[in-house]
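The values are calculated or read from the model by the stated rules, or taken from the named source; none is laboratory data. Since this is a predicted model, take the numbers as computed values, not measurements. Note that we place each Cβ from the backbone using ideal geometry, even for glycine, and neighbour counts take in every protein chain shown.
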Amino acid sequence: MVPTYKKEGLEAKPFIHYLPIVIACVMFAFVPTAMQTSCNGIFLPELGKDYGVPTSQISIYLTIGNLTAAVFAPIIGQLLARFDVRAITTIMLLGAAGSFFSLSISASLIQVWVSGALMTGFCTSFVGLVNPTILTRWFKDLKGTMIGIAAAFTGFGGVVFIPIGQSIISMVGYREAYLAYAVLILILCLPGSLLILRSHPHDRGMLPYMSEKRKAGLLHEEKPGMSTWTVDPSIAMKNPAFYLLGLATGILGWCLLLNPHFPTYVGTLEAAGVNVIITGAMLATLVSGSQGIGKLVLGALSDKSPMKTIVFAGCLGAFSVLAIWWGPTTLAMPLGAIAFGFFFATSAVLMPMLAGSVFGTGENYSIILGRSQTITKLITAPGAMVWPFLAENAGGWGTVFGCVAVLIVIVVLCSWLVRYFGSKIPHIPVDAEGNVINQK
């Protein structure tokens, strides 16, 4: 049995002591993020009928929402570095619940757009920024695994809340469903935010979680060190790695926005007389179902090497696009759908891990990640409109799939360049409480 490792009055405890933090982060993904990302589809037709406009006009708020998230990201990142994380997550939960409530009483299309945009900004920030920041602080080992577990519950939440929302809509209407979602966010997530979360493990007298192997190694060192490191945000922003990270994640967002159009693609093939092996709905189900597993698997692999895992995910993404494009009448299409679901994990899991490997996991991590996500969201914002435009006006879906395959290669290349340029940024060592270590 490995003895307990202590340093500076702080103790590295067994995993069970860190589990409540993981559960709190899981709930952020499972409830508000899942409600926003996975459940949108059940509300758009209802809003369209209520206001007498096409669903495409309602869904404008998704583009506005990405722009809102671009504004929110650096602000939330800065706040996470300076203030108690409980205050930040509580305000975000109240904002998310308030957005759903506003949608339940909306009286105009403008109110729908504004409320939907705020909902997108608050809800997507949990998985993209808040959870990676909290979990990288609390876990020296298994960071990727924990980020993957939390992110996976975005898909699992959709499995739970889509039927709940549909039932409420069919019985009493979509406004009541929005109201129910708002109440559920407060009931299920506020207790964890207020009572469980802490900004750092040292707030509970603990060191970040370490594997037994790491603890055993540290105990046998003459001068054991548990320091992590960070970088100066002003220096990071002068390095190409910062902009390449935002660019890679933004281009990746464009690739992932192909997912909602798979049913349309299958419908086009069927209309042309192609004997497609699976329906569009089945294709979408396979992609959604494999996302959760993909986040778990790629999250665990990223603990070994984020860059190698990104290359592996890129290969899966390229295979998936080509398989769905070239093999609609064969088993290649369902296999491609599963591979695309795994590829989905790249955005929520691998890019935050890549950021940590380049910019460190110290106090400045959330600042740098938040600022880079401004670039990401600005790039991603128009992506939802690009693919259908190309399919209709620039050579059909073959053009779309070809473009996505090329973009996946660019994402992998940009990720490698992030590591290359990022290796030149000077590291600032910090101790377990986030204080800079004097190297004199």
Next item on the list: Report, by residue number, each residue of the range 343-379 that is more than 19 Å from LYS143 (Cβ to Cβ) and surrounded by fewer than 24 Cβ atoms within 10 Å (Cβ to Cβ).
Entry: ARG371, THR374, ILE375, LEU378, ILE379
Check: Can you name every residue in the range 152-197 that is surrounded by fewer than 19 Cβ atoms within 10 Å (Cβ to Cβ) and in a loop (DSSP other than H, G, I, E, B)?
Finding: VAL172, GLY173
Item checked: Identity of the residue in the range 16-48, over 24 Å from the mean Cα position of the chain (by Cα), modelled with pLDDT of 80 or more and not aliphatic (A, V, I, L, M), that ends up farthest from LEU197 (Cα to Cα) -> GLY48
Notebook entry, point to check: Out of the range 198-227, which residues are at pLDDT 75 or above, out of contact with any helix residue (DSSP H, G or I) (no Cβ under 7 Å at 6 or more places or on another chain) and surrounded by 15 or more Cβ atoms within 10 Å (Cβ to Cβ)?
Noted result: HIS202, ARG204, MET210
Check: So how many residues does the range 378-408 have that are within 19 Å of the chain's Cα centre (by Cα) and modelled with pLDDT under 85?
Finding: 5
Notebook entry, point to check: In the range 150-181, how many are β-branched (Val, Ile, Thr), touching a helix residue (DSSP H, G or I) at 6+ places or on another chain (Cβ under 6 Å) and under 30 Å from THR136 (Cβ atoms)?
Noted result: 1
Margin query: Any residue that is touching a Ser or Thr at 6+ places or on another chain (Cβ under 6 Å) and either without any contact (Cβ under 8 Å) to a residue 40 or more places away in the chain or more than 18 Å from THR249 (Cβ to Cβ) (or both) - is there at least one of those in the range 47-59?
Written below: yes
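Kindly indicate which of THR68, THR63, THR4, THR55 is hydroxyl-bearing (Ser, Thr, Tyr), closer than 24 Å to SER347 by Cα, surrounded by fewer than 22 Cβ atoms within 10 Å (Cβ to Cβ) and at pLDDT below 90.
THR63 is the lone residue from the list that is hydroxyl-bearing (Ser, Thr, Tyr), closer than 24 Å to SER347 by Cα, surrounded by fewer than 22 Cβ atoms within 10 Å (Cβ to Cβ) and at pLDDT below 90.
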Note to self: Quick check on my filter: what residues within the range 324-352 are among the small types (Gly, Ala, Ser), in a helix (DSSP H, G or I) and more than 17 Å from GLN291 (Cα to Cα)?
What the structure shows: ALA332
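Among the listed residues ALA313, ALA355, ALA284, identify the single one that is closer than 28 Å to LEU67 by Cα, free of Cβ contacts under 8 Å to residues at least 60 places away in the same chain, in a helix (DSSP H, G or I) and in contact with a Pro (Cβ under 9 Å, 6 or more places away or on another chain).
Going through ALA313, ALA355, ALA284 in turn, just one is closer than 28 Å to LEU67 by Cα, free of Cβ contacts under 8 Å to residues at least 60 places away in the same chain, in a helix (DSSP H, G or I) and in contact with a Pro (Cβ under 9 Å, 6 or more places away or on another chain): ALA284.
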Next item on the list: Could you list all residues from the range 256-279 that are touching a Phe, Trp or Tyr at 6+ places or on another chain (Cβ under 9 Å) and over 22 Å from GLY157 (Cα atoms)?
Entry: THR264, TYR265, THR268, LEU269
